[in-house]
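These notes are about the structure you will find just below.
The values are calculated or read from the model by the stated rules, or taken from the named source; none is laboratory data. Please read these numbers as outputs of a predicted model, since none were measured by experiment. When we count neighbours, we look across all protein chains shown, and the Cβ atoms used for this are built from the backbone with ideal geometry, even at glycine.
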Amino acid sequence: MDNTLISDAERFFIIQGAQVGSFSLTYELRKLGCRLDGRQRSDFRPIEIETGILNHTAGSARVKIGNTIVITCVSIEIGTPSVDACNEGRIEIDVECSPTATPRFSGKSGSDIADTLKATLSTAFTRECLPFKLLCIQPGKQCWVIHADVLLLESAGNLLDAASLAIFAALSTIKLPLSLAQKIAAETGDAPNTMDFALSMTNLPMFTTVHKVVGDSYIVDADKEEEACSFARIFVAVRADGTITAIIKEGCGSLRIDSVMDMIEVGLFDQMDLIFFDASGCVNAGGTPSKG
């Protein structure tokens, strides 16, 4: 988990605060908690989303969750389709950690963090998530390749959720040119009469991270101090319709199946409506977002 150094007293407060209400019979009481910044266990820090911040890219977005800042730039180019998908385009994700963000990002440690985030994010972008067939220009010869470059500017915890949200917001702003075949179809009335098209984001999932601190205490949007106290965590990739596309466990602690199901419930039903609202609307949340 996170290697942030914290005192024993601070660790004790984080763990005990997360346990407030954890043994209650109702879910509304179990989610209360008492965190360092006053949030309940199911609350996110303030979320800010800005799109179109870089004019020289096909799409861009800046996401700030608390003091964690992530920028995603999207570019498109013509490439060669892969052998196993000759009539489809593809997306390639790259993650880079700014060495000025935190000492953890310097040297090999930063490369390891970037590689881990890249591998985790790539698991969400399957053929069912994006209309890759629309990216085909000439089957077997040419296709559109989407490059999503993620830059981690500030690290204050919950990097994966911020990176996932930034990719979602950046991809929602791009428009791709129609191929010659698609233009001919448009002229004959078999396709929309437009010169470009936007990607459908309906099936694109985003990640939410749920931490197990101790016992039945689960928290979302952990800051770096809370991550240092985390016993284990799972990353849940879920679409807007509630379909789960990936579940990844990380951390030294083991999880019972009932704990996993509880953590999925926290990530799925209590948080994803908030995240997808922010991403689809590209709003700036003033104050800590929470369900009404």
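Residues that are assigned to a helix (DSSP H, G or I) and touching a strand residue (DSSP E or B) at 6+ places or on another chain (Cβ under 6 Å) within region 121-145 comprise Leu121, Ser122, Leu135, listed in sequence order. Scanning region 230-258 for residues being part of a loop (DSSP other than H, G, I, E, B), out of contact with any Pro (no Cβ under 8 Å at 6 or more places or on another chain) and either at negative phi or modelled with pLDDT of 85 or more (or both) gives a total of 9. Scanning region 1-42 for residues that are within 13 Å of Tyr218 (Cβ to Cβ) and hydroxyl-bearing (Ser, Thr, Tyr), which turns out modelled with the lowest pLDDT? The extreme case among them is Tyr27. Residues that are surrounded by 18 or more Cβ atoms within 10 Å (Cβ to Cβ) and touching a helix residue (DSSP H, G or I) at 6+ places or on another chain (Cβ under 8 Å) within region 103-123 comprise Phe105, Gly110, Ile113, Leu117, Thr120, Leu121, listed in sequence order. Of all residues in region 123-158, those that are of a type outside the set (Ser, Thr, Tyr) and farther than 25 Å from His56 by Cα total 12.
Residue count for region 48-90 under the criterion of being closer than 27 Å to Gln142 by Cα, loosely packed, with under 15 Cβ neighbours inside 10 Å and touching a residue at least 60 places away in the same chain (Cβ under 8 Å): the result is 3. Tell me whether region 64-79 contains one or more residues that are among the aliphatic types (A, V, I, L, M) and outside any strand (DSSP E or B). Checking region 64-79: not a single residue is among the aliphatic types (A, V, I, L, M) and outside any strand (DSSP E or B). Among all residues of region 102-118, there is at least one that is in contact (Cβ under 8 Å) with a residue 40 or more places away in the chain and in a loop (DSSP other than H, G, I, E, B). Can you say whether Arg45 is under 28 Å from Cys229 (Cα atoms), at pLDDT below 80 and charged (D, E, K, R), as far as the supplied structure shows? When the stated conditions are applied, Arg45 does not pass them.
Just to be sure before I move on: is Asn55 in contact with a helix residue (DSSP H, G or I) (Cβ under 8 Å, 6 or more places away or on another chain) and outside any strand (DSSP E or B) in the structure I sent?
No; evaluated as a whole, the condition is false for this residue.
In region 165-188, the residue that is modelled with the highest pLDDT out of those that are part of a loop (DSSP other than H, G, I, E, B) and either on the phi > 0 side of the Ramachandran plot or among the aliphatic types (A, V, I, L, M) (or both) is Ile174.
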